[in-house]
Structure formats: structure tokens, C-alpha cells
Amino acid sequence: MSQKLVNKLIVDIKEARKSKISDTTKTLTTIFSEAKSIALKHNRKELIDSDILASCVLNLKEANEVIEIYKNLDGKIANDNYLRGIRLKNFSEKYLPQQLTEAEIIYKIAKIISNINASTMRDMGKVMKQFKNENPDGTYDTKLVSKYVKSKLS
């Protein structure tokens, strides 16, 4: 099992601790802790790269929500939460593979729909399954893919 991302994250945490950069340490530890929880849910004690990817996807989603909530609010608490969201987003993206663009997602969905002759919402599961099979985990936003599949099949 691949350990490249796991090792990179551990090294980054150690470097942040040595440099005494507490915000970075907290953010990286958040990603690591979530990855550990994911591994435990799968009855594994050892982390693998897919745990890091899954953690980063979850944390990126949370970060985007936090940023959206706090971006237009005033006050120290709002600003601190906004900055925490930005840090979490930046570090989560650092460990994720290159993301598909909206245009790439739309193109791939259209191609899949055409290839499997999908035409109604009943075919949504087939389209989503095929999209997932053709694209590596962590390279796309599932919510965005779902939105475009629904718009094409409605």
C-alpha cells in the first residue's frame, strides 16, 4: 500500500512543530487526525494514502463552508474562523491531486451519458458510478459532479 502522502504529511507536521508554527501544526494535525479516524473506520491501524486523500476531501469541503460563512462577517472570532478555513483549504489542496476543472467534468459527464445511453434520473447512479470508476479519488468534487449529472438528466 502506498505511503507517499502519509510520509509527506508526517514530515510536514514534524517540520511545523520544529519551526513552532502553531497554526500550521494545528491544521496539519487536523488532517492527520481525520485520516486516522478514516483508517479506524476501515479496521486499519496503519494509515494509507487513500486515508489522507479522503481526509483532505472532507476537510476541503469543511473549509469551503467555513470560508463561505465567515467571509462577510466582522469581528475577531469571525476573522479567526475565516483564516482557519483558508489555512485548512490551502493545506488540504496541497495533498490532493490536480483537480478536474468544471469544463473537464462537464465534458466527461456528457461523454459517459452518451456512451451508456443515459436519459433519465433513473440512470444517475450508473453515470455517477462510471464517472467514479474513470477518475481517481480526490480529483473532483462529488457534489459538483452530481449537480451536473442531475442537470443533464432532468
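Please treat every number below as a calculation from the coordinates, not as lab data. It should be emphasised that the depicted structure is a prediction, and the values quoted were computed from it without experimental measurement. Heads up, the Cβs are rebuilt from the backbone with ideal geometry, glycines too, and the neighbour counts pull from every protein chain shown.
Does the stretch 70-77 include one or more residues that are part of a helix (DSSP H, G or I) and in contact with a Gly (Cβ under 8 Å, 6 or more places away or on another chain)?
First, pick out the residues of the stretch 70-77 that are part of a helix (DSSP H, G or I): 70, 76-77.
Then drop every residue that is not in contact with a Gly (Cβ under 8 Å, 6 or more places away or on another chain), which leaves 70.
Yes, there is a match, as at least one residue in the stretch 70-77 is part of a helix (DSSP H, G or I) and in contact with a Gly (Cβ under 8 Å, 6 or more places away or on another chain).
Would you check which residues across the stretch 102-126 are surrounded by 11 or more Cβ atoms within 10 Å (Cβ to Cβ) and of a type in the set (S, T, Y) and list them?
Answer for the stretch 102-126, where residues must be surrounded by 11 or more Cβ atoms within 10 Å (Cβ to Cβ) and of a type in the set (S, T, Y): just Y107.
I'd like to verify a number: residues in the stretch 4-40 that are more than 18 Å from L88 (Cβ to Cβ) and within 18 Å of the chain's Cα centre (by Cα), how many?
Looking only at that region, the number is 3.
Mind listing whichever residues of the stretch 127-143 are surrounded by 15 or more Cβ atoms within 10 Å (Cβ to Cβ) and assigned to a helix (DSSP H, G or I)?
V127, M128, Q130, F131
Search the stretch 125-146 for residues that are more than 18 Å from S92 (Cβ to Cβ) and pair each with any residue that is of a type in the set (G, A, S) when their beta-carbon atoms are under 7 Å apart and the residues are at least 6 apart or on different chains.
K126/A118; V127/A118; M128/S146
Of everything in the stretch 20-64 that's outside any helix (DSSP H, G or I) and hydrophobic (A, V, I, L, M, F, W, C), which residue is nearest to L5 (Cα to Cα)? Steps first, please.
Narrowing the stretch 20-64 to residues outside any helix (DSSP H, G or I): 20-21, 42-48.
Narrowing further to those that are hydrophobic (A, V, I, L, M, F, W, C): 21, 47-48.
Values: I21: 21, L47: 10, I48: 8 Å.
Out of the qualifying residues, it is I48.
Among the residues of the stretch 89-106, are any outside any helix (DSSP H, G or I), among the small types (G, A, S) and closer than 29 Å to N7 by Cα?
Let us first name the residues in the stretch 89-106 that are outside any helix (DSSP H, G or I), namely 96-101.
Remaining after also requiring among the small types (G, A, S): none.
Scanning the stretch 89-106 turns up no residue that is outside any helix (DSSP H, G or I), among the small types (G, A, S) and closer than 29 Å to N7 by Cα.
Of all residues in the stretch 90-114, which are within 21 Å of V11 (Cβ to Cβ) and of a type outside the set (G, A, S)? If you could, list the steps in order and put the result at the bottom.
Kept after step one, since they are within 21 Å of V11 (Cβ to Cβ), are these residues of the stretch 90-114: 90-97.
Correct list: N90, F91, E93, K94, Y95, L96, P97.
Spot the failing condition for Y82; the list is (1) outside any helix (DSSP H, G or I); (2) of a type outside the set (A, V, I, L, M); (3) touching a residue at least 12 places away in the same chain (Cβ under 8 Å), and only one is missed.
It is condition (1) that Y82 fails.
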